[in-house]
Amino acid sequence: MNQKLSHAPTPVRQFTILLSSTRRGARLARRLTVAQLTEWRHQFTHAEQLVAELANNAALHGRTPGRNFRLTLTVTGGTLRVEVTDTRGDELPKARHAGPDAESGRGLLLVEALATRWGTEVGPAPCKTVWAEIDG
């Protein structure tokens, strides 16, 4: 006798917003992340820090005058996926080791340390998306 297993669909929650490619937009991304996860009653350690780093990178390195960046939060089962999309697909992020006196250059190393996994997707032109996932 053949039995088909029935799987209940995994609940998915998603939040997306366009924000200005500025320091203010990056700060707002962090605050909106905290507010949205609180509303959904989800707690993901380090979500706020991950969004802060990815949004700051979009505002500093992915900025094209007059263009915004997009923040997307997706919760599927016990995993939070953070995506930050900017319009500089020609500049892909690279984790680098900053010198001990450097004031910047450690953001992606922090993302690497805090996220379960992270990466970059190119497209659609001229965009790129840097994403990070946290398993709850």
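The values are calculated or read from the model by the stated rules, or taken from the named source; none is laboratory data. Keep in mind that what you see is a predicted model, and the values were worked out from it rather than measured. Please note: Cβ atoms are built from the backbone with ideal geometry, for glycine as well, and neighbour counts cover all protein chains shown. Calculation scope for accessible area: heavy atoms of the full protein, side chains included, ligands and nucleic acids excluded. Shrake-Rupley method; radii C 1.70, N 1.55, O 1.52, S 1.80 Å.
Looking at the range 59-83, which of the residues that are within 16 Å of residue 107 (Cα to Cα) and modelled with pLDDT under 95 is surrounded by the most Cβ atoms within 10 Å (Cβ to Cβ)?
Filtering the range 59-83 for residues that are within 16 Å of residue 107 (Cα to Cα) and modelled with pLDDT under 95, the one surrounded by the most Cβ atoms within 10 Å (Cβ to Cβ) comes out as 62.
List, please: which pairs have Cβ atoms under 8 Å, are six or more places apart or on different chains, and start with a residue in the range 28-42 that is touching a residue at least 60 places away in the same chain (Cβ under 8 Å) and end with one that is open to solvent by 70 Å² or more (accessible area, probe 1.4 Å)?
Between residues of the range 28-42 that are touching a residue at least 60 places away in the same chain (Cβ under 8 Å) and residues that are open to solvent by 70 Å² or more (accessible area, probe 1.4 Å), the close pairs are 42/13; 42/136.
Out of the range 1-35, which residues are at pLDDT 90 or above, of a type outside the set (A, V, I, L, M, F, W, C) and open to solvent by 100 Å² or more (accessible area, probe 1.4 Å)? Explain how you work it out, then say what you get.
Keep residues of the range 1-35 that are at pLDDT 90 or above, which gives 12-35.
Adding the requirement that they be of a type outside the set (A, V, I, L, M, F, W, C) leaves 13-14, 16, 20-25, 27, 30-31, 33.
Scanning the range 1-35 gives 13, 14, 23, 24, 27, 31.
Considering only residues that are within 15 Å of the chain's Cα centre (by Cα) and among the β-branched types (Val, Ile, Thr), which ones fall in the range 60-77?
Those that are within 15 Å of the chain's Cα centre (by Cα) and among the β-branched types (Val, Ile, Thr): 72, 74, 75, 76.
Run residue 106 past the list (1) over 24 Å from residue 136 (Cβ atoms); (2) open to solvent by 30 Å² or more (accessible area, probe 1.4 Å); (3) modelled with pLDDT of 90 or more and report the number of the one that doesn't hold.
(3)
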